[in-house]
1. Give the residue, chosen from A:G262, A:G283, that is outside any helix (DSSP H, G or I) and modelled with pLDDT under 95.
2. Of the conditions (1) over 24 Å from the mean Cα position of the chain (by Cα); (2) in a loop (DSSP other than H, G, I, E, B), A:A145 fails just one. Which one is it?
3. Among the residues of segment A:239-277, which ones are over 20 Å from A:L193 (Cα atoms) and in contact with a Gly (Cβ under 6 Å, 6 or more places away or on another chain)?
4. Right, B:L65: under 16 Å from B:F152 (Cα atoms) and over 15 Å from the mean Cα position of the chain (by Cα) or not?
5. In segment B:106-147, what count of residues is obtained for those that are part of a loop (DSSP other than H, G, I, E, B), closer than 15 Å to A:P188 by Cβ and at pLDDT below 90?
6. Please specify each residue of segment A:286-320 satisfying the condition of being assigned to a loop (DSSP other than H, G, I, E, B) and closer than 19 Å to A:A261 by Cα.
7. Of all residues being hydrophobic (A, V, I, L, M, F, W, C), more than 14 Å from chain B (Cβ to nearest Cβ) and buried (at least 22 other Cβ atoms within 10 Å of the Cβ) in segment A:153-207, which is nearest to A:L319 (Cα to Cα)? Just the residue, please.
8. Go through segment B:81-105 and give me each residue that's surrounded by fewer than 19 Cβ atoms within 10 Å (Cβ to Cβ), within 11 Å of chain A (Cβ to nearest Cβ) and part of a loop (DSSP other than H, G, I, E, B).
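The values are calculated or read from the model by the stated rules, or taken from the named source; none is laboratory data. Values in this document were obtained by computation on a predicted structure and should not be read as measured data. We place every Cβ from the backbone using ideal geometry, glycine too, and count neighbours over all the protein chains shown.
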Amino acid sequence: MRKKSLIYSLLFQGGILLLLFILQFILPTYHHSSVSKIMVLASYAVAYNFLLGYTGLMSLGHAMFFAAGMYAAGLGIYYLELSALGALLFGAAFTLVISLLFGLFALRTSGVSFLIVTLMFGQTFYLSILYFNEFTFGQDGFSLAKHLGKLVIFNKEYLYSNPDVRYNFALILLTAYLLISTLIMFSPVGRILIAIRENESRTQLLGYNVYYYKLFALVLSGTFSGIAGAMHALLFTYVGTTFAEIHHSISPILWTLLGGAGTVIGPLFGTGIMYYLVDIISGITSNYQLVVGAVLILMIIWFPMGIMGTLRQKWMKWLP
Amino acid sequence: MLKIDKISSRYAQVQVLKDVSLEVREGEVLGLLGRNGAGKSTLLKSIMGLVEVNAGSISMDDVILSELQAHQIPKNGIGYVPQGRRLFSELTVEENLKMGLLVRDSSKDVLEWALSLFPVLKTRMSQKSGTLSGGEQQMVATARALCIQPKFLLMDEPSEGLMPSMIETIFETIEKLKNENVGVLLVEQKIEGTLRVSDRIVFMENGFMREESDPQALAENPEPLAKYVGVKAHAS
């Protein structure tokens, strides 16, 4: 049964990724760029889903991880003249350390206290970027366009911000995240994370050290968020405090809940729908948040477990 | 041997267990009887490290369980079937059982053994446990606890809310476990079944261990049953 579910889900996800691959040849420039952005942000949401969807821990400070990866990569390129790959690895390593340290402190708390601690860490990180503005360029942020090297493929040079490079790198990132998510969810560790989400004390009673598993989920989620942030810096050649603000912590919660918390593919749908919802409605009215809010309420009524969560409950039982 | 030596336990500032001592041997069923609030479930939770033990000690062979963290206790061979089953409803039967197997890296033979006690579960392996009947959920909870290969199994009212035929299955399983040399500490409200499967009976009242007896003695003199459980019927 599990093997069958794994095959079905890989086929389903493979189909969606293939569709995304083909779309790049069809989409007009604007949507081409939008879908690239959606894929990077969806990767961030997939990473967030490890924590919220599978382990049941809600963080209000995840922008810290995304921004940590983004700033580590960006500042690494700016000051240390790192290559793109070096910057990506630097961003990943920096976020790994940050999320490990953060987890060691924050996981001493639970429930609402955990939520507040994550919020405070997130805000502290954001304010630190502003405070050290001589080094981080504060609220203005900075562009990497003149500092980032070029990608060489078959002796031909490309900018990382080249639309095709951007699109395909974003697709590779998303593919890797979906594959890793699926494999983890079908592994014993995935089952233990779900068990913790369902009931932490029950899992502990069975003989599992839930603290270590929660730490694993948090470090994985944080590091993957950081890699998504670093990739965003490389592909969009800009680093700024917007990505460390509180709304960038709330966004992945909405994307995940809308798409289906605890489903591997849900965050992709949630991110895509939210992105275009905001994009379209903000083109019609400046009060777009009111309309987006109303639409979200309706969607939650129709899909109480998120879009993919509801589909899984009714039809797609095999969906991880 | 599972040895509880003069333990006192409390929830926050409320002292629930007072100076309780008892022993359970391997291959023995010890029935724990008493009215609601007597401290029976608290005793099981104290053994499992869920309730703070503020005096005395709990040990199994050479291991002092009361000095361990809750998650380390099952790894030492203590299985627990909590009241109300407490399955992971989003996981399938198979996944629930494998959660038990993983704790001590038990082999598939252990799973087969656990399933041999509840053959009906073999047909339910891919079903989400939250969709099972109460009796089937109880079987999964018991089988999951057995998947950690326990030397001692703590069972908290396993017959609660089950239909008579299912209750009989549970008691039959307890008897089989005895033959497999698993020690069982059984908290139950079904007196007759408890007396049938138990080797010894301990009565608790207001957090104290009041009296120890055995089913034969209680058959001849059921007075403790009336006194501590409020049951007047003779043991069969």
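1. Numbers: A:G283 fails: outside any helix (DSSP H, G or I).
Result: A:G262 is the single residue among A:G262, A:G283 that is outside any helix (DSSP H, G or I) and modelled with pLDDT under 95.
2. (1)
3. Narrowing segment A:239-277 to residues over 20 Å from A:L193 (Cα atoms): A:239-251, A:254-255, A:258, A:268-277.
Matches in segment A:239-277: A:V239, A:G240, A:S249, A:W255, A:L258, A:F269, A:G270.
4. Working: under 16 Å from B:F152 (Cα atoms): yes; over 15 Å from the mean Cα position of the chain (by Cα): yes.
Taking the combined requirement at face value, the residue satisfies it.
5. Residues of segment B:106-147 that are part of a loop (DSSP other than H, G, I, E, B), as a first pass: B:106-107, B:118, B:124-127, B:132-133, B:147.
Checking the rest, the ones that are also closer than 15 Å to A:P188 by Cβ come to B:106-107, B:147.
From what is left, the residues that are at pLDDT below 90 are B:106-107.
Looking only at that region, the number is 2.
6. Filtering segment A:286-320 down to residues assigned to a loop (DSSP other than H, G, I, E, B) leaves A:286-287, A:303-306, A:315-320.
Those that are assigned to a loop (DSSP other than H, G, I, E, B) and closer than 19 Å to A:A261 by Cα: A:F303, A:P304, A:M305, A:G306, A:W315, A:M316, A:K317, A:W318, A:L319, A:P320.
7. As a first pass, look at segment A:153-207 and keep what is hydrophobic (A, V, I, L, M, F, W, C): A:153-154, A:159, A:165, A:169-174, A:176, A:178-180, A:183-186, A:189, A:192-196, A:205-206.
With more than 14 Å from chain B (Cβ to nearest Cβ) added as a condition, the list becomes A:153-154, A:159, A:165, A:169-174, A:176, A:178-180, A:183-184.
From what's left, buried (at least 22 other Cβ atoms within 10 Å of the Cβ): A:170, A:173-174, A:178.
Values: A:A170: 23, A:L173: 21, A:L174: 18, A:L178: 13 Å.
Ranking the qualifying residues of segment A:153-207, first place goes to A:L178.
8. Passing the criteria: B:G84, B:S89, B:E90, B:R104, B:D105.
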